[in-house]
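The values are calculated or read from the model by the stated rules, or taken from the named source; none is laboratory data. What you see is a predicted model, and the numbers here were worked out from it, not measured in a lab. Neighbour counts run over all protein chains shown; Cβ positions are idealised from the backbone, glycine included. All accessible areas refer to the heavy atoms of the entire protein, side chains included, with ligands and DNA or RNA removed. Shrake-Rupley method; radii C 1.70, N 1.55, O 1.52, S 1.80 Å.
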Amino acid sequence: GGNQNDYLWVPSNADPFSFRNTDAFTLEAWVRPTAFSTSSTIMAKYDGGVVGYHTLRLLSDGKLGLLREHAPWQMVTSLNSVPLNVWSHVAATYDGTNVRLYINGVLEREQEDKIAVGSTRPSTLMFGTQLSYGAPGTYPFQGGLDELRIWDVARNGSEIAASYRSVLSGYEDGLVGYYRLNEGVGIW
């Protein structure tokens with residue numbers, strides 16, 4: 001992804017991108033931030049505080065954050081930051097018990113989260129922004145995004161480290177969304 005004002009959305013009432021109860025998942029992306037704002041959305045299935053949605057962001061200090069929307073509200077954040085104007089790979093996994101955050105294949109943070117979530121309200125998957133009560137544009141990402149991957153399994157650290165620099169076939173077990181962003185054309 002190129003233009004700092006663009007975003008990508010996947011119109012869907014959401015499955016397979018709604019991870020309910022304590023369903024496992026992995027979110028991955030290459031990011032090249034050109035600025036840090038209050039919060040820069042990498043990808044989000046989120047719309048105004050609906051319990052059960054999730055958002056992957058860079059925070060104002062460049063740290064990676066994952067929010068699984070539930071009470072008590074708690075974003076898990078990495079210990080280190082990604083640099084500005086440099087491509088970095090980020091990943092977040094959830095295995096039903098723990099959230100793990102990775103930067104360039106290295107585990108940055110592990111935190112317990114056993115709270116079950118769930119929502120029947122539909123929401124669109126967005127890259128580079130998130131919805132706020134149905135309207136895009138909240139917490140825009142400033143910079144480039146590439147190789148966006150969504151899995152319905154919790155990949156382990158060895159799997160992430162072994163494949164984050166590789167192009168996937170698209171047929172890997174557990175891969176439910178793969179957006180390479182290499183087309184160079186189109187509006188959706």
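Tell me, what % of the accessible area of the stretch 87-171 is carbon and sulfur with a 1.4 angstrom probe? After summing per-atom areas, the C and S share lands at 48 percent. Using the Cβ of Ser39 as centre and a radius below 15 Å, the other residues enclosed give a net charge of 0, where K and R count +1 and D and E count -1. Over every Cα atom in the stretch 56-155, the radius of gyration and the widest Cα-Cα span, Dmax, amount to 13.9, 39 Å.
What the phi angles of the stretch 98-110 give under the Karplus curve with 6.51, -1.76 and 1.60, with θ = phi - 60°, is a coupling list of 10, 9, 10, 10, 10, 10, 6, x, 10, 5, 9, 6, 9 Hz, glycine and proline written as x.
For the stretch 58-142, the set of chymotrypsin sites (Phe, Trp or Tyr not before Pro) satisfying both a DSSP loop assignment and a count of at most 16 other C-beta atoms within 10 Å is given as Trp73, Trp87, Tyr133. The residues neighbouring Leu175, those whose beta-carbon lies less than 14 Å from its own, together hold a net charge of -3 under the Lys/Arg +1, Asp/Glu -1 convention. Neighbours of Thr97, meaning other residues whose beta-carbon lies under 13 angstrom from its beta-carbon, give a summed charge of -2 when Lys and Arg score +1 and Asp and Glu score -1.
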